[in-house]
Amino acid sequence: MTRTTPSRDAQQQPATLLHAAGFSYFPVALLARLPYAMMVVGVLTLVVSARGALSLGGLTSAMVGVGTAIFGPLIGAAADRVGQRGVVLAAGIANSVALLAMAWVAFSASPDFVVLIVAFVIGATAPQVSPMSRSRLVGIIASRLPGDRHAAVLNGTMAYESAADEVVFVFGPFIVGLLATTLNPAAPIIGAAVLTVVFVSAFALHRSGSARPTADDGLPVRQAPAHELFRPGLVAVTVGVLGMGLFFGSMLTALTSFLSDFGHPEQAGLVYGVLGVGSAALALGMAWFPLRFALRWRWLTFAGLLAASTLALPFATTVPGVILVLLIAGFGVGPTLVTQYSFGAERSPVGRSATVMTILGSAVILGQSASSALVGALAQSAGTHVAMFAPLVSALVVLAAGVANVFLTGRRAL
């Protein structure tokens, strides 16, 4: 009896993550994260068009990031405690209402502080689909796939998730521009609200979302103490991901200033997309990297490439030159993010996977929002050339966190 039970269980285990999660999971999870990629740019576009103030638009976008940074981890903690389904569904509904409210408030006679409050609520209620998806898939890998395949499948999963993020964050701003140009400035926000109702709800109601955290004996899992979220290894990863957010925001803002000098600021999103092309391509390629290429060295290698490429950015005086720098930098972005999220998954305290993933996701948005505001002010006061050094500073933050991680990791396999 005791010898046949493990064999039968092994035979019942799904052969691949695709079978374990369900064939519908991946397209639903991909489309469900699209509204989030449209929010920050959509709010900026709407407020600038409705209120005619670029400074207010930038501040409003920053408020979206602040709301996400404060409440994102709390949403993740709630999902760890009671399961994702109800939490994601409630957040999605609240977020849709907040988006529709912004579409009305921006054109109303309401004072500016009301616009800022609504923007904060949009960020605070963001459903956190990307971190939830990572957490959900990590749980599926741990509970339903054979133990000898966990490391390889986790590596490939983090690669896919990062590539999926890159795709939606490239197409999100493009869709915003398309809708705002062909329809009206409120169309992207209304569209994001509709997409949230449809696809975020589908993500929440997917069968994989019904699972609740349990231990091996089937009882509710006993979560690790909250102070374990502040262990040095996790702090290093969080700082590294924050640095990536700083890089995204500073690069887009510096690029906008650069193209404004040429009279084409509207092309910033299109040129910025070059960064996503190389990033997504090499992020997917991480799934084929040998496991002996340890994560700590991957972080240093690709963060070093990121820093080296952005070192040339202030000296690129033509649009083709900037595009070449972005292409090379993209090869460093994707693998670095994959590595950081892999560390996050490995170092998550027991029962707090969704919390860790939402902390990392919020760190990206916080860094992006903060650097956008700071570099925008820097470009206006000191000029484009000075602003073009900001991505290098951000890349050095990522690299420094990677160096700290090597010492924290020591001789372990990671």
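Of note:
- Residues of the range 42-82 satisfying the condition of being open to solvent by 30 Å² or more (accessible area, probe 1.4 Å) and hydroxyl-bearing (Ser, Thr, Tyr): Thr45, Ser49, Ser55
- Unique match (being in a helix (DSSP H, G or I), in contact (Cβ under 8 Å) with a residue 24 or more places away in the chain and open to solvent by 60 Å² or more (accessible area, probe 1.4 Å)) among Arg136, Arg149, Arg85: Arg85
- Every residue from the range 109-126 that is open to solvent by 10 Å² or more (accessible area, probe 1.4 Å) and either closer than 23 Å to Gly361 by Cα or out of contact with any helix residue (DSSP H, G or I) (no Cβ under 8 Å at 6 or more places or on another chain) (or both): Ala109, Ser110, Pro111, Phe113, Leu116, Ile117, Val118, Phe120, Val121, Ala124, Thr125
- Taken over the range 378-388, the criterion of being in contact (Cβ under 8 Å) with a residue 24 or more places away in the chain and either over 17 Å from Leu259 (Cβ atoms) or buried (at least 20 other Cβ atoms within 10 Å of the Cβ) (or both) is satisfied by Ala379, Ala387, Met388.
- Phe258 under 22 Å from the mean Cα position of the chain (by Cα), modelled with pLDDT under 90 and aromatic (Phe, Trp, Tyr): no
- Residues in the range 143-162 include at least one that is of a type in the set (Asp, Glu), at pLDDT below 80 and over 19 Å from Pro131 (Cα atoms).
- Leu137 in contact with a helix residue (DSSP H, G or I) (Cβ under 8 Å, 6 or more places away or on another chain) and within 23 Å of Phe343 (Cβ to Cβ): yes
- Residue satisfying all of: in the range 97-108; outside any helix (DSSP H, G or I) and not hydroxyl-bearing (Ser, Thr, Tyr); least open to solvent (accessible area, probe 1.4 Å) among these: Ala106
- Filtering the range 389-414 to residues that are touching a residue at least 12 places away in the same chain (Cβ under 8 Å), over 15 Å from Gly243 (Cα atoms) and not in a helix (DSSP H, G or I) leaves Ala413, Leu414.
- Note on the range 56-108: among residues that are under 21 Å from Val364 (Cα atoms) and among the β-branched types (Val, Ile, Thr), the one that is modelled with the lowest pLDDT is Thr60.
- Taking the range 313-329 as the range and being within 21 Å of the chain's Cα centre (by Cα) and either surrounded by 24 or more Cβ atoms within 10 Å (Cβ to Cβ) or in contact (Cβ under 8 Å) with a residue 60 or more places away in the chain (or both) as the test, the residues that pass are Leu326, Ala329.
- Out of Val356, Val375, sole residue that is in contact with a helix residue (DSSP H, G or I) (Cβ under 8 Å, 6 or more places away or on another chain), surrounded by 24 or more Cβ atoms within 10 Å (Cβ to Cβ), more than 26 Å from Arg231 (Cα to Cα) and hydrophobic (A, V, I, L, M, F, W, C): Val375
- Of the set (1) within 30 Å of Asn95 (Cα to Cα); (2) open to solvent by 20 Å² or more (accessible area, probe 1.4 Å); (3) at pLDDT 85 or above, all apply to Pro220 but (3).
- Among the residues making up the range 96-112, none is aromatic (Phe, Trp, Tyr) and closer than 14 Å to Pro35 by Cα.
- Of all residues in the range 295-312, exactly one satisfies the criterion of being surrounded by fewer than 17 Cβ atoms within 10 Å (Cβ to Cβ) and at pLDDT below 90, namely Trp297.
- Some residue of the range 180-190 being out of contact with any Pro (no Cβ under 9 Å at 6 or more places or on another chain), open to solvent by less than 20 Å² (accessible area, probe 1.4 Å) and not in a helix (DSSP H, G or I): yes
The values are calculated or read from the model by the stated rules, or taken from the named source; none is laboratory data. Remember, it's a predicted structure, so these values are computed and weren't measured experimentally. No Cβ is skipped: glycine too gets one built from the backbone with ideal geometry, and neighbour counts run over all protein chains shown. Surface accessibility is based on the protein's heavy atoms, side chains included, excluding ligands, DNA and RNA. Shrake-Rupley method; radii C 1.70, N 1.55, O 1.52, S 1.80 Å.
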